Amino acid sequence: MPNVVTYCRVSSEEQAEKDNSIPAQRKALRSWVAQNVGHVITEDFVDDGVSAYAPADRRPGFCAMVSFCRKNQVDAILVHKLDRFSRNREESILFKSLLRKHGVQVKSVTEQFDPESPQGFLYEGMIEVINQFYSMNLGTETLKGMRENASRGWVNGGAVPYGYERRKVVDGNGPEHITWALGDDAEVAVVREIFRLADEEGLGNRCIAAALNRRGVPAPGRERWGPSTVWFVLKNQVYAGDIVWFKSRRKGRTGRTKTAPEEQVVQRDAHPAIVSRELFERCRAKAKSRKFAAHTTPHQHVDYLLGRLIRCDHCGGSFVGRRREYTNHRGEKQTSLTYYCSGYLFRGKETCASLPIDMAWLDGVVVDAIRARLTDADGWNDLESRVRERIGARRRSYGQDPAGVRAKLADIDRRVANYWKALGDGMDAAQCKRLIDDLQARRIVVEHEAETLAREDYYTLALEKNLAALGRFRTHFADGFDRLPFGVRRQVVLAFVEGIRVHDRREVVIHLKVALDNLGIQHLTDEAETALGAGSEGRADNAMPDVESRVAFCQSREVWLPLLDSN
């Protein structure tokens, strides 16, 4: 009995209103199944309102149907017409070939042909070519109609601009069209204020956004204004009353690219303007003439040792590095490398007033803190004693000798063998089986104990090996850290620094850790020793075999530093 699935699709709201809507397609498919006795519908799949230009692999119903056919016994996919499956011939061939490997055919209930016969193969190819031609021609005609619509000052769609609302109008006795009308008075006032600040006060995008945020003005679609949001308002011709259509075109399957000015359709005075054209042009000219002083020099790369490790307690943002060149009062060119809070840098001091941190000072403090933790005799002895206590505590918690566990397993095996021998000598079979089952159950328990002990033995041995590796590493770290390549120095910082917080905008809190991971520190030590020229001598032994539970032992410590000392 053939199993089939049905697939229905409409590509627009207009199609849903016609006879080939989803209910009409489903009715035709079920009528075909009723006439062809023996077929069973196992699943229905639908893509409702998906654009005709959307690729098949972006239709959720289509993707679910292909996945279902690959995992279940399906003989055929029923569609109302072949163009419901796909209007793209290459796409149709690809998916039909994939489905054919799983024994699935695509059948049209209105276009009867045998795809296995030469005539059916030719007919199917002709239908697919015609369907793709129809799709391409429809796209061309649609663009032609949209171009004509835009040239007459009507809107072809898209998001409603801030300060406007969508309004439907009737062009004489013709169809309805869409245009923009002035919207909320508060939003209109905000748009005019943005242009006034840019024109009369000469403020840039960042300063205008900060001024609006100070007043608590809600931004379009978000909580706060940003420089890009302000710039989108200032450059948008819609506020001068113009309609600009075809600013970009499709590129590839998902991307878009800008179009040339001569390809665009610009209709002036298509709807009520919020600002005058003279004001709009003045603001656009000022924006083009504005010169920006970059904080960094792109052609001179800087490696920031503590990047993404510093967090601001006030705004929650991360500190980022910035390079700035300036001339001091003596006319000398100077370079400043500084960590700034991203909240302050990108949203202004109204969001965060954290002080900048000199990079050389903070990097030096962190490295000195790691060096003191590893090379100071008291600090190292404290760390070593804590690790030894941890190892001893874990061994005492289990308190068993692995050799004793192995002896238990050997004893169980010996007793099982004796019972099997006794069974051959005439011992009661039922009693013998019961005793052997009891021993096998006991063996499972003892084997679990052996696995646990082996795992714990790996863990404690890994701690011991890595403690020795850290001992070798500290001898090189004492004086040779600055000679390490930046990548290795960065690894060291990530391994030994849990995080850095700027507390109350005045103090830096450094959270240190010593992670004894049986793979992480081992690899780090090898790289560091190689970079320092240690050679093969003094290298850490090969890493322990990976185990299921790789638990890191962290010795946390806080170092409080006044931020004002950085200056």
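Let me spell out the model: positive unit charges on the Cβ of Lys and Arg, negative unit charges on the Cβ of Asp and Glu, origin at the Cα centre of segment 72-198. What dipole size does that give, in debye rounded to 20? Spell out each step's value before the answer.
Details: 16 positive and 18 negative charges, 30 e Å.
Here the size comes out at about 140 debye.
Looking at segment 44-192, send over the antiparallel percent of its DSSP beta bridges, to the nearest 5.
65 percent
Which length gain, in nm to one decimal place, applies between Arg26 and Ile93 when the Cα-Cα distance is subtracted from 0.36 nm times their residue separation?
Stretched out fully, the Arg26 to Ile93 stretch lengthens by 21.7 nm.
Which value in nm describes the separation of the simple spin-label points at Glu165 and Asp57, placed 7 Å from the Cα toward the beta carbon?
4.4 nm
Determine the order of Trp225, Trp361 by accessible area, beginning with the largest, at a probe radius of 1.4 Å.
Descending order: Trp361, Trp225.
So what does Arg166 come to for accessible area, using a 1.4 Å probe and Å² rounded to 10?
Counting only protein heavy atoms, Arg166 exposes about 120 Å² to solvent.
If each residue of separation counts as 0.36 nm, what is the full-extension length gain between Phe486 and Thr42 once their alpha-carbon separation is subtracted?
153.8 nm is the gain from fully extending Phe486 to Thr42.
With +1 assigned to the C-beta of every Lys and Arg and -1 to the C-beta of every Asp and Glu, and no other charges, what is the dipole magnitude of segment 41-94 about the Cα centre in debye, to the nearest 20?
With Lys and Arg at +1 and Asp and Glu at -1, about 120 debye.
Give me the accessible area per residue for segment 191-348, probe 1.4 Å, as a whole number in Å².
Dividing the accessible area of segment 191-348 by its residue count gives 61 Å².
Please list Ser151, Ser108 from largest to smallest accessible area, probe radius 1.4 Å, with all protein chains kept in place.
Ser151, Ser108
Give the cross-link partners of Lys465 among the lysines, using a straight C-alpha distance below 25 Å as the criterion and excluding same-chain residues fewer than 8 apart.
Lys513
Tell me, in nm to one decimal, what length is gained between Gln73 and Glu464 on full extension, where the rule is 0.36 nm per residue of separation less the Cα-Cα distance?
Between Gln73 and Glu464, full extension yields an extra 135.1 nm.
Provide the per-residue ³J(HN,Hα) series for segment 175-191, in order, calculated from phi with Karplus coefficients 6.51, -1.76, 1.60 and θ = phi - 60°, each as a whole number of Hz, with x at glycine and proline positions.
Working through the residues one at a time gives x, 6, 10, 10, 9, 9, 10, 4, x, 4, 4, 5, 5, 4, 5, 5, 4 Hz.
What is the distance, in nm, between label points placed 7 Å from the Cα along the Cα-to-Cβ direction at Trp420 and at Phe133?
Modelled inter-label distance: 7.9 nm.
Only Lys, Arg, Asp and Glu count, each charged at its Cβ (+1, +1, -1, -1), so figure out the dipole size of segment 222-280 about its Cα centre, rounded to 20 debye. Write out the running numbers ahead of the final one.
Values: 12 positive and 6 negative charges, 106 e Å.
Once rounded to the nearest 20, the dipole reads 500 debye.
How much solvent-accessible surface does Glu141 expose, in Å² to the nearest 10, with a 1.4 Å probe and all protein chains in place?
Number for this one is 90 Å².
Less than 14 Å Cβ to Cβ from Phe133, Lys/Arg counted +1 and Asp/Glu -1: what total charge do the surrounding residues give?
Details: positive: Arg87, Arg89; negative: Asp83, Glu90, Glu128, Glu141.
Cβ neighbours under 14 Å give a net charge of -2.
Taking amide H positions as placed 1.01 Å from N in the peptide plane, with prolines and chain starts having none, which residues 5 or more places from Tyr164, or on another chain, fall under 5 Å of its amide H?
For Tyr164, the qualifying residues are Gly183.
If I compute solvent accessible area with a 1.4 Å probe over the protein chains, what percent of it on segment 41-128 is carbon and sulfur? Write out the running numbers ahead of the final one.
Values: 2410 of 4590 Å².
Carbon with sulfur: 52 percent of the solvent-accessible area.
I'd like the accessible area for Arg26: 1.4 Å probe, protein heavy atoms, all chains in place, Å² to the nearest 10.
Per-residue accessible area (Arg26): approximately 70 Å².
How much net charge surrounds Tyr326 when only the other residues with a Cβ under 10 Å from the Cβ of Tyr326 are counted, with Lys and Arg +1 and Asp and Glu -1?
Combined, the nearby Lys, Arg, Asp and Glu give 0.
Sort Met146, Met126, Met359, Met65 by heavy-atom solvent-accessible area, probe 1.4 angstrom, most to least.
The most accessible residue leads, giving Met126, Met146, Met359, Met65.
In whole Hz, with x marking every Gly and Pro, tabulate ³J(HN,Hα) for segment 122-135 from phi via Karplus 6.51 cos²θ - 1.76 cosθ + 1.60, θ = phi - 60°.
Per-residue couplings from phi come out as 5, 4, 4, x, 5, 4, 5, 5, 5, 4, 5, 4, 4, 5 Hz.
Amide H neighbours of Val106 under 5 Å, counting only residues 5+ apart in sequence or on other chains, H built in-plane at 1.01 Å?
Close amide H contacts, sequence-distant or interchain: Ile77.
The values are calculated or read from the model by the stated rules, or taken from the named source; none is laboratory data. Everything numeric here is computed off the predicted structure, so don't read it as measured data. Ideal geometry is used to build each Cβ from the backbone, glycine not excepted, and the neighbour counts take in all protein chains shown. Please note that ligands, DNA and RNA were not included when accessible areas were found on the heavy atoms of the full protein model with its side chains. Shrake-Rupley method; radii C 1.70, N 1.55, O 1.52, S 1.80 Å.
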